[in-house]
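The values are calculated or read from the model by the stated rules, or taken from the named source; none is laboratory data. These figures come from a predicted structure and were not determined experimentally. Backbone-built Cβ (ideal geometry, glycine too); neighbour counts: all protein chains shown. Note: areas computed on protein heavy atoms with side chains; ligands, DNA, RNA excluded. Shrake-Rupley method; radii C 1.70, N 1.55, O 1.52, S 1.80 Å.
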Amino acid sequence: MYIRVRFNQQMLSLLMLVFGGFPATATLDPSALSAIYRNWTYVNGSYDGFVVPPLAGGFKGQSLTDTAVVFEAAPEDQSSRSKWRMTYLFFNNTPGGYGYETAMASSDDLLEWRFGEAGDHGIVFHRSAVPGAYDYGGVTFGGIHFNSSGLRAKRVLQKAGGRYHALYGCYPSRDGYEAGNGGQGMAESEDGAVWSRVSATVPALSGGSSKLAPWEDRVVYQPFLLQTDDGNYWDFYNAAGTNSFGNPAEESGIANLPRGSFPGIGLNRSEWVRNPASPVLPSGPAGSPDTAMASDPKVFWDEVQKVWVMFYFGLGDSTHGHADILIAFSTDLLHWEKDTTPLYEAGGHPMGIDSQHAHKISIVYEDDVGYLFYTAVGPKGRGIALLTSKPLQ
């Protein structure tokens, strides 16, 4: 096991529940379960096909837009009267200042988005200004604490201790693109619009250590936060290391936090515990769509099919250098059955904006219509594209 915490009875109970308390996943048919997520309609967005363009916000040094997280505005959020919010990252491509920061957009209808209304001209979470800090190089939201794990539930922020919280991916260096060993921090907010870090010195998870399991001993990447009905917390995240085939790869695993411990950041240490069942979503064998990357897991309870669903992206032998949107299913959050046929392949958008990559989803439902946002990469740059479960009139 790769656990370095002081155990109390509550933690031991959680570990028994998480590591040994669930039965193995029952036999599932991923191809049948994935059918309701296939054949959705590509939306021709207002920005050359994108709904959020590569230079959304027009920030200094900006070269791209990536990693949408879509949700309903908190009641305290006065930055806009619109119902919807989207956090997204942009990359500052200024030499000597490379790295991500997190911005926010707003929308009335999930189709047309406005920028620059919240925070610092649209930036709602800055990277640290302190050289050597774990998030000096960049910050990108991924694991916002929502009030329900239901796929079709309203995507509403959940307060804990009077504040909203979000796990975020981060990097320590400004020397290049995603430079350093990565990691995760915890942010908090009073209004769901402007955010600050819970701790300037204590990350939730760190990367790049020989003491970590081989699958994640190089870089820790993006989190996704899930709270189950029993009150326990799950951080699904991807990391870079060596897979079971002895090859460099990105795979996805879990860290856990018992109920009552949230947000899990103390004065001197993090209470988040890496789950030794990880990687729960390993990279695939030769010929699969995720031999190199099984990354960016987003996990929800499918209320219709009564099963956990994970959207993730894969890059592998059968994707020919492109990232595709993939899907897997589980009954216990630990054992996952993949559908080896991608949900949506790079090059599917009729405007050609995702010819290189289609990946990193965010999904919400409104009026019985699913809106699946994803990062599209192609000749027009890197921005946010959209699929809907029904054609929009």
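For the reader, a short list of remarks on this structure follows.
- Exactly one residue out of Pro276, Pro289 is in contact (Cβ under 8 Å) with a residue 24 or more places away in the chain and over 28 Å from Phe146 (Cβ atoms): that is Pro289.
- Among the candidates Ile384, Ile353, Ile325, Ile363, residue that is touching a Gly at 6+ places or on another chain (Cβ under 6 Å) and among the β-branched types (Val, Ile, Thr): Ile353
- Taken over segment 344-374, the criterion of being over 14 Å from Gly45 (Cβ atoms), open to solvent by 30 Å² or more (accessible area, probe 1.4 Å) and in a loop (DSSP other than H, G, I, E, B) is satisfied by Glu345, Gly347, Gly348, Ser355, Gln356, Asp367, Asp368.
- Residue match in segment 313-320 (condition: assigned to a loop (DSSP other than H, G, I, E, B), at pLDDT 95 or above and of a type in the set (Ser, Thr, Tyr)): no
- Thr341 fulfils the conditions (1) open to solvent by 20 Å² or more (accessible area, probe 1.4 Å); (2) within 21 Å of Phe224 (Cα to Cα) except for a single criterion, (2).
- Segment 32-81 - residue that is among the polar types (S, T, N, Q) and open to solvent by 60 Å² or more (accessible area, probe 1.4 Å) and, of those, nearest to Leu225 (Cα to Cα): Gln78
- Looking at Ala292, Ala200, Ala204, Ala240, just one residue is closer than 23 Å to Glu337 by Cβ and either open to solvent by 10 Å² or more (accessible area, probe 1.4 Å) or of a type in the set (A, V, I, L, M, F, W, C) (or both), and that residue is Ala292.
- Residue ID - farthest from Leu110 (Cα to Cα), chosen from residues in segment 80-96 that are part of a loop (DSSP other than H, G, I, E, B) and under 24 Å from the mean Cα position of the chain (by Cα): Asn93
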